[in-house]
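The values are calculated or read from the model by the stated rules, or taken from the named source; none is laboratory data. Just so it is clear, the model here is predicted, and its values are computed rather than measured. All Cβ positions, even for glycine, are placed from backbone atoms using ideal geometry, and neighbour counts span all protein chains on display. SASA here: full protein model, heavy atoms, side chains in, ligands and nucleic acids out. Shrake-Rupley method; radii C 1.70, N 1.55, O 1.52, S 1.80 Å.
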Amino acid sequence: MDYGLLVMGAPYSDPAPHSALRFAEAVLARGHRLTGVFFYHDGVHNASSLMTPPQDELNLRKAWKALNERHGVPLDVCIAAALRRGIVSEAEAARHGHSAYNLEAPFELTGLGQLLTLQQRCDRLITFAS
Amino acid sequence: MTLHILTTAPNSDPARQVEQALNAGDTLLLIEAAVTAALDPQLNCWTQPAYTVWLLEEDLVARGLGNIAKKHRLATVNMDGFVALTEQHEQSVTWY
C-alpha cells in the first residue's frame, strides 16, 4: 500500500513527530511504500536546520533526513505555516529580506495543494498531532 | 468501519468528542497520552461492547503502564500492529 503522513506537532514539545517517525519505520518494515510526509501547523519546526538538541538525544530533523536518504521519502513543508513561524528557505529569506535561513533540502516548502495531491496518491493518509 | 486514533488523556475534549463519533464496529486506538486510560478499567471505552479498543504498547511502556494494562487484560498492539490496523481500515481519524 501507499502511505502518506501528516505531521502537525512540534519537535520536543509534542510526541506527534516521534510517533510519526516510529510509524514510518513500521510502515516500511511491513513492505509498504511511504509516498510522502507533509509537515503542517507546528509540525513545520521539524524542518529547522538550526535545531540543536543535546548530542545524546534524537535529532528529529536528522531522523527525517535519514528517512529521505534511505527511502527517498519526500519531506514537504507547508509554506504558509512555515513562513509565519520563521522557518524559511534561502530563496524565501532573500525574498523577505532576512539575513539567515533554516530550511534546506531534503525539506521543501510547498503549498497545501501538495497535501491534497499526497492524499489522492495514497491508499492511507495518517495524521499525527496531539 | 473507521479507525479512530486518540492522542489525549481521558476526560479531555478530544476524548469526549471521539466517544460521540464512534460507531458500532469501529476501532479505537489509544496512543501517546491516551494510553493513561489503562489506569481506569471502569472507563466507558473498556466497558462498552460496540467498538474495539487497543492501546499502543510502546506508549504504555514509556509511561510505566505496561503492567497495569496486563493486569486489567487490556488489548495492546505494537507499532507493527498499529500499521496493521491502518491496513484493515480504509478510513482513519486522529483526535487531538
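Work out the P(r) tail for chain B: percent of alpha carbon pairs separated by more than 19 Å, whole number.
Considering chain B, 33 percent of its Cα-Cα pairs are separated by more than 19 Å.
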**OP:** Give me the net charge of A:Leu103's neighbourhood, meaning all other residues with Cβ under 14 Å from the Cβ of A:Leu103; Lys, Arg count +1, Asp, Glu -1.
**Re:** 0
**OP:** For the protein assembly as shown, give the magnitude of the charge dipole about the Cα centre (Cβ charges: +1 Lys/Arg, -1 Asp/Glu; no others), in debye to the nearest 20.
**Re:** 80 debye
Original post:
In degrees, nearest 10, range 0 to 90: what is the angle between the Cα axis of helix A:60-71 and the longest Cα principal axis of chain A?
Top reply: 50 degrees
Subject >> With Cα atoms, 0 to 90° folded angle of helix A:16-29 axis to chain A main axis >> reply: 40 degrees
Original post:
On average, how much accessible surface per residue is there in the range B:2-95, in Å², for a 1.4 Å probe, leaving out ligands, DNA and RNA?
Top reply: 48 Å²
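Per DSSP helix of 4 or more residues, -39500 (n - 2.57); summed, then divided by the residues of the protein assembly as shown. What does that give at 222 nm, rounded to the nearest 500?
Value at 222 nm, helices only, nearest 500: -10000 deg cm²/dmol.
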Original post:
Placing +1 at every Lys and Arg Cβ and -1 at every Asp and Glu Cβ, with all other atoms neutral, what dipole size does the range A:2-128 have around its Cα centre, in debye to the nearest 20?
Top reply: 200 debye
Original post:
Per-residue mean of other chain beta-carbon atoms within 10 angstrom of the beta-carbon, peptide A:123-129?
Top reply: 6
Original post:
With a 1.4 Å probe, how much accessible area is buried between chains A and B, both sides summed, in Å² to the nearest hundred?
Top reply: 1600 Å²
**OP:** Keeping all protein chains in position, work out how much accessible area A:Leu118 exposes to a 1.4 Å probe, and write it in Å² to the nearest 10.
**Re:** 10 Å²
**OP:** Would you give the gap between the C-alpha center of the range B:27-96 and the C-alpha center of the range A:106-128, rounded to a whole Å?
**Re:** 27 Å
**OP:** Would you be so kind as to identify which of A:His32, A:Tyr12, A:Ser48 lies farthest towards the positive end of the dipole of the range A:7-57, taking Lys and Arg as +1 and Asp and Glu as -1 on Cβ and the Cα centre as origin?
**Re:** A:His32
Original post:
Radius of gyration and Dmax for the protein assembly as shown's Cα atoms, expressed in Å?
Top reply: 18.3, 60
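Averaged across A:11-22, how many Cβ atoms of other chains sit within 10 Å of each residue's Cβ atom?
Partner-chain Cβ atoms within 10 Å, mean over residues of A:11-22: 3.
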Original post:
To the nearest whole number, what is the average tally of beta carbon atoms from other chains within 10 Å of the beta carbons of peptide B:78-89?
Top reply: 5
**OP:** Pull out a ≥ b ≥ c, the square roots of the eigenvalues of the alpha-carbon gyration tensor of the range A:2-128, then state rounded if a/c is under 1.5, prolate if not and a/b is larger than b/c, and oblate in the remaining case.
**Re:** oblate
